[in-house]
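Enquirer: Here it is: the structure, laid out below.
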Protein chains: 4
Amino acid sequence: MMKIKVGILGATGYTGMELLKKLDSHPNVKIVFLGAHNVVGKSAINLVSNLKNFGNIKINKNENIKNYNLDVIFSCLPHGELAKNLKKFKIKKETNIIDLSADFRLPDKIHNNWYKKRPKSVDAKIFKYVLPEINRDVNKGNIANPGCYATSILLGLSPIAKEINKKDIIVDTKSGVSGAGKSNKIEHIYNEVNENLSTYAVGTHRHKPEIEYILKKNYKSDINILIVPHLLPITRGILSNIYIQFENKVNIDSIYKKFTDFYQNQKFVKICKDELPAIKDVQFTNNCHIGLKTFKNSNVLLISSVIDNLIKGASGQAIQNMNLMYSLDESLGF
Amino acid sequence: MMKIKVGILGATGYTGMELLKKLDSHPNVKIVFLGAHNVVGKSAINLVSNLKNFGNIKINKNENIKNYNLDVIFSCLPHGELAKNLKKFKIKKETNIIDLSADFRLPDKIHNNWYKKRPKSVDAKIFKYVLPEINRDVNKGNIANPGCYATSILLGLSPIAKEINKKDIIVDTKSGVSGAGKSNKIEHIYNEVNENLSTYAVGTHRHKPEIEYILKKNYKSDINILIVPHLLPITRGILSNIYIQFENKVNIDSIYKKFTDFYQNQKFVKICKDELPAIKDVQFTNNCHIGLKTFKNSNVLLISSVIDNLIKGASGQAIQNMNLMYSLDESLGF
Amino acid sequence: MMKIKVGILGATGYTGMELLKKLDSHPNVKIVFLGAHNVVGKSAINLVSNLKNFGNIKINKNENIKNYNLDVIFSCLPHGELAKNLKKFKIKKETNIIDLSADFRLPDKIHNNWYKKRPKSVDAKIFKYVLPEINRDVNKGNIANPGCYATSILLGLSPIAKEINKKDIIVDTKSGVSGAGKSNKIEHIYNEVNENLSTYAVGTHRHKPEIEYILKKNYKSDINILIVPHLLPITRGILSNIYIQFENKVNIDSIYKKFTDFYQNQKFVKICKDELPAIKDVQFTNNCHIGLKTFKNSNVLLISSVIDNLIKGASGQAIQNMNLMYSLDESLGF
Amino acid sequence: MMKIKVGILGATGYTGMELLKKLDSHPNVKIVFLGAHNVVGKSAINLVSNLKNFGNIKINKNENIKNYNLDVIFSCLPHGELAKNLKKFKIKKETNIIDLSADFRLPDKIHNNWYKKRPKSVDAKIFKYVLPEINRDVNKGNIANPGCYATSILLGLSPIAKEINKKDIIVDTKSGVSGAGKSNKIEHIYNEVNENLSTYAVGTHRHKPEIEYILKKNYKSDINILIVPHLLPITRGILSNIYIQFENKVNIDSIYKKFTDFYQNQKFVKICKDELPAIKDVQFTNNCHIGLKTFKNSNVLLISSVIDNLIKGASGQAIQNMNLMYSLDESLGF
């Protein structure tokens, strides 16, 4: 069996290490390059102690990726770094990049309103945004891997996106701290997060335009996401409560049917009716569980969606995208 | 100075111990009786290691309260226990009971739909529901102390309750585990709560009728609370996000003025505009912080209210109620 | 390839679910039976949401194991239950039991001093205690799987057991709460464990005789283990600090050589010199990391040993034992 | 009543805020100055939300302390900062400094081996190391407040220090993360600490010389402290296990008597026999609980000592020292 030759940029962050752990036991993968800006020279086994196959690979400088022939590059660099260094990395045309940052998720106009401008030399169109349960036709090429909040919310909204056009959608969402990466901001140190719950970026989180853009592109739905993110005192997991006010009474059975039809062939999505999932249900898996719930004497529908932000919200989805790109069983490596 | 002679029923639970800790240093209080069903005979200092004044009091059986002359009884018994034992406890007529359970918060009709029926012999009308920032005219008599979720949500809704009549109000609320008391249900053991977030009693939590009843009684507002409680992996604290869909654009300044006017003389309430409070801001205090927030291109108002469930949501509020009953500075003991 | 037909007794506890998760993707295993005393009739996928192969197996009553032909039974029943029910389960002679409880770890005389007496009908000698890094010659037959503390401490002491005969060995050890199983004792509820550290069973923990017995049996070392266990506010992981007072200065290099020689062919053990491992280094793996450290002007050696109590300390080691029993690569399934 | 005019340098760190909270309700204190290097201009109430008396004081620049007439200055600056700036702060001769850092705990020779050298201009002898349960004769003057680990360990060792001369003492000690201050080192961010236990500074922690120096100075005991600190996944609290190997069997009753005699007039110390304290027993108090335990067939004594590192290990002890300095009840403010 031919192996996919894989490199990881930013291998020492949380998403990089998660990729390393999973790719190490992927039957079709050969890890060839691990890039980082620190611990250069150390072996991979020092990052993830139970590697079976590629523990001896040495961490290299990110920029040395230019010397390697790779089939797939997973980029786990901080936002802005891949776009900035794309030229410098001299990535071969036939190499497929799967970028876990926000660098190439949005068209210029939207991107530049919410993030630092991309360098002019860079053409974002060479990347395709792929959330496989929504747009599964993955060919070779570069992929912009979805954001973590965006994944949980888009999976919750897509089955009924066409019916909620023009609506304000309240999304009360909570994430574990690893969603912020290996951040040493004061608000992410132990004493500030522990025994606390706080909101941040209310109404302005950068996954808002990502969600709205994809809903418009895929379903022509013009939706205003009122996003309220919270920092949870846990390491990993996202729970997103999506509240939709309908004009009339919601028929939960018909909603449930829409969801199960929409996801009928999807291995990683599970729909529950009148029962809501917990973060523990999906932690350390690539699954997304979605619960549906209505309220007495009310036209409100609650869609509650949980994922592991480091797996379905980042590294797992990236591997799933690679699997689809190579026409492999999408659950290989999990 | 005459001291208020105080007894606590159920002193070994979390709210009982919190009362003990605070009443021990209250300048106008003499703790006379501590009741429990376990550790009878042990000294109070074994429950709370830094008692200064009443550490030597021995834990007694709850039922022995009948032998004591008390000015105030704080009842921290589990729901149903005080109503069931009221006769047996032979509480003197001149003693004022402050009940922290749900036994006497609601009129019969509502109570019996949501809780186990009260014994026929018991007349709930002899208890008055007092959330002091809303109904401050406390005379001597028995008090039904508000529930923890109810406190945070009523404080968030009261200033505009009259303007939201007939509305469905979404309340996405999260509580630390001490809200469940010293419960040893499997869902409250460490491994199940830790590194998790889960919802429970969605749309059916028993503080829903409490909130709706008080809003109707105080403001004639007929409101449908869509309550979505979560179990947070922390010991103490509640954060309640209240979402209100208005027909027109919300003027945040005018809303802010309504809130600051409403709470202008309240020591324990703080209002923030365009900034939302975190649980840490009020932990270990009797404060309630309320943040107000609107969203771009939307008529939704978010009211975010945080309290410490064991203090403002239970024992602190009970002491505040006692202070008011005796015309003392309401912040004594804090 | 012939598959090993496997059953699990007590599949809904923490060690049972861990086995289920790992055996589901073990290339040589067919899960045939899952026993429990609760949730009977539910599918396995409800216990572990990312099962790929055996998610549809229904949970059965433990006692129905008598109707199944199995090659291997993993017993995750509480202490005492397997011994009590061995007859009733009518386990075939050719079936190999791997018992994760303490029922068959010790000879009668010691067992009955520390645990409830075994039924007279039961012959403990048909079980062999196997900690594979110490006694690797596993044939078919029944296995008593080592305790979690015992695993971490025996791996730390074995390489030098012969040189510490007649000594008092201080073992300051700390375990995550899952070591207590799905316990709903008050001391294991969230609020009691969270933000706390406490000792328990100091000098009397039941892994003390297990460790002493194995050291005597394997190395003729007569050692007094002064065990000081702590309950850590984490879900999984053990860190055992073993302090040995020598008569003379300790040569760390020679100690290090003894350890690396002793474990030279062991895939799951890593030895560090002058550097001590953290629980995170081995969490979710079958690894044991051991750090060696001496102190200035002192003859004390510190051996610090970390494992994941649910994997190397229980379910992982059980699978490793099964692998060895069937002459498979011992790391299959990890 | 004359009030003590107090200033705090470094008021926005964890020990500074703890001081602020407690001094605010101290009957003999008037807070006059709060210094910091950030949030200058904000009111104190933004740091601690339940201040009753001094919430309106504005945070000032540390260096502006030179403009204030103060009776007592609590310095919560990072190690080295007070010594460096002592001249610049132009502190009046009659002002008493209580320094919570390590700047003035040790004589030059030892200090300069373990910490950055003190400026030559500074004379350390003008500071007196005061751990009040050990050396209670506090006069006016400057005080070096003991370190947190040192406090828990010195309180555990002092009663028998004279009998353990020339010994190696093993101290396996564990601290909550606030012991590191408001540190944003990667090892102190949430994801690294949470669900982990790790050792650090083994044998080399800077409280080792502090403990050894005080034991020698006070009791002429020449002791080698083998200190093994751990970082606990909790915010506050220290549990120190001190293991002493005696030549002969330990009489626990006689040891217990030595401890209770030694601490007979101490309000904040509690001694337990055959029972060991947990961190929760003393959290949020100025107490130190010490448990004594022997082991079967062994001459080892375990002394287990717990404190709250931010209170008895820092700010509480500083206030206790101020109280003694002014001949007040030492428990005022708690």
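Enquirer: May I ask you to derive the FRET efficiency for residue B:94 and residue B:204 from their Cβ-Cβ distance with R0 = 35 Å, giving the value to the nearest 0.05?
Expert: With a Förster radius of 35 Å, E is 0.35.
Enquirer: How far apart, in nm, are the 7 Å Cα→Cβ label points at residue C:252 and residue D:275?
Expert: Between residue C:252 and residue D:275, the label points sit 4.1 nm apart.
Enquirer: Quick one: check the C-alpha center-to-center distance for region D:59-89 versus region C:258-334, whole angstrom.
Expert: Region D:59-89 and region C:258-334 have Cα centres separated by 50 Å.
Enquirer: In percent, what relative contact order does chain D have, based on Cα pairs under 8 Å that are 6 or more apart in sequence? Can you show the working numbers first?
Expert: On the way: 720 pairs, mean separation 55.8, N = 334.
Relative contact order comes out at 17 percent.
Enquirer: Give the cross-link partners of residue A:125 among the aspartates and glutamates, using a straight C-alpha distance below 15 Å as the criterion and excluding same-chain residues fewer than 8 apart.
Expert: Leaving aside aspartates and glutamates fewer than 8 places away in the same chain, those within reach of residue A:125 are A:99, A:103, A:108.
Enquirer: Taking 0.36 nm per residue of sequence separation and subtracting the Cα-Cα distance, how much length would be gained by fully extending the chain between residue B:56 and residue B:2, in nm to one decimal?
Expert: Length gained, residue B:56 through residue B:2: 17.3 nm.
Enquirer: If you add up the charges near residue A:88, with Lys and Arg at +1 and Asp and Glu at -1, over every other residue whose beta carbon is less than 10 angstrom from its beta carbon, what do you get?
Expert: Once all neighbours under 10 Å are counted, the net charge is +3.
Enquirer: Determine the shielding of peptide B:180-187 by partner chains: average, over its residues, the number of Cβ atoms on other chains within 10 angstrom of each Cβ.
Expert: 4
Enquirer: What is the average number of partner chain Cβ atoms found within 10 Å of a Cβ in C:285-298?
Expert: On the way: counts 5, 1, 2, 0, 1, 0, 2, 0, 5, 2, 11, 5, 3, 7.
If you average over the peptide's residues, the count of other-chain Cβ atoms is 3.
Enquirer: Continuing with the same structure: First measure r as the distance between the Cβ atoms of residue A:87 and residue D:63, then evaluate 1/(1 + (r/R0)^6) with R0 = 60 Å and state the FRET efficiency to the nearest 0.05.
Expert: 0.80
Enquirer: Highest mean first, how do B:20-33, A:172-185 rank when packing is the count of other Cβ atoms within 10 Å averaged over residues?
Expert: Final packing ranking: A:172-185, B:20-33.
Enquirer: Tell me, what HN-Hα J-couplings in whole Hz come from the Karplus equation 6.51 cos²θ - 1.76 cosθ + 1.60 at θ = phi - 60° for each residue of region A:224-232, using x for Gly and Pro?
Expert: 3J(HN,Hα) across region A:224-232, in whole Hz: 9, 7, 8, 8, 10, x, 10, 9, 8.
Enquirer: Dividing the convex hull volume of the alpha carbon atoms of region B:179-334 by its residue count, what do you get in Å³ per residue?
Expert: Taking the convex hull of the Cα positions in region B:179-334, it is 146 Å³ per residue.
Enquirer: Step through the table entries A:116/D:185; A:270/D:280; A:185/C:22; B:5/B:84; C:117/C:166, compare each Cα-Cα distance with 31 Å, and write down the pairs that go over it.
Expert: A:270/D:280; A:185/C:22
Enquirer: With the crude spin-label approximation of a point 7 Å out along Cα→Cβ, what separation in nm comes out for residue C:124 versus residue D:117?
Expert: Inter-label distance under the simple model: 6.6 nm.
Enquirer: How many angstrom lie between the C-alpha centres of region B:144-220 and region A:104-180?
Expert: About 34 Å separates the Cα centre of region B:144-220 from the one of region A:104-180.
Enquirer: When chain C is treated as a GNM, springs tying every alpha-carbon pair under 10 Å, which of C:111, C:188, C:207 comes out with the largest mean-square fluctuation?
Expert: Its mean-square fluctuation being the largest, the pick is C:188.
Enquirer: Would you calculate, for chain B, the mean residue ellipticity at 222 nm contributed by helices, counting each DSSP H stretch of 4 or more residues as -39,500 (n - 2.57) and dividing by all residues, to the nearest 500?
Expert: -6000 deg cm²/dmol
Enquirer: Show me, for region C:308-322, the HN-Hα J-couplings you get by feeding each phi into the Karplus relation (A = 6.51, B = -1.76, C = 1.60, θ = phi - 60°), rounded to Hz, glycine and proline as x.
Expert: Once θ is set to phi - 60°, the couplings for region C:308-322 become 8, 4, 7, 9, 4, x, 7, 5, x, 4, 5, 5, 4, 5, 5 Hz.
Enquirer: Name the shape class, rounded, prolate or oblate, that the alpha-carbon gyration tensor gives for region C:64-142, where a ≥ b ≥ c are the square roots of its eigenvalues, rounded holds for a/c under 1.5, and otherwise prolate holds if a/b is larger than b/c and oblate otherwise.
Expert: oblate
Enquirer: Next question, about the same structure. Using only the Cα atoms of the protein assembly as shown, build the gyration tensor, take square roots of its eigenvalues as a ≥ b ≥ c, and label the shape rounded, prolate or oblate: rounded if a/c is under 1.5, else prolate if a/b is larger than b/c, else oblate.
Expert: The shape class here is rounded.
Enquirer: What residues qualify as long-range amide H neighbours of residue D:225, i.e. H under 5 Å apart, gap of 5 or more or another chain, H built at 1.01 Å from N?
Expert: Here the answer is D:169, since their amide H atoms fall under 5 Å of that of residue D:225.
Enquirer: Over 29 Å between Cα atoms, which of B:93/D:267; C:109/D:257; D:167/D:312 qualify? Don't skip to the end; give the middle numbers.
Expert: On the way: B:93/D:267 40 Å; C:109/D:257 38 Å; D:167/D:312 27 Å.
Those over the limit are B:93/D:267; C:109/D:257.
Enquirer: Measuring from label point to label point, each 7 Å out along Cα→Cβ, what is the residue B:45 to residue A:166 span in nm?
Expert: Those two pseudo-labels are separated by 7.3 nm.
Enquirer: Right, here's the next one. Where Rh is the Kirkwood radius over the Cα pairs of region D:1-130, the temperature 25 °C and the viscosity 0.890 mPa s, what D in µm²/s does Stokes-Einstein return?
Expert: Taking Rh from Cα pairs, D becomes 162 µm²/s.
Enquirer: Using the scaling law 2.2 N^0.38 Å as the reference, what is the normalised Cα Rg of chain B?
Expert: Cα-based Rg divided by the globular estimate yields 0.98.
Enquirer: Taking a 30 Å limit on the Cα-Cα distance, which of the listed pairs D:87/D:220; B:42/B:66; D:90/D:140; A:182/C:273; A:208/B:174; A:220/A:249 fall beyond it?
Expert: D:87/D:220
The numbers here are math on the coordinates, done by the rules we state, and not lab data. Computed from a prediction, not measured in an experiment: that's the story for all the values here. Cβ coordinates were reconstructed from backbone atoms using ideal geometry, including for glycine residues, and neighbour counts include every protein chain displayed.
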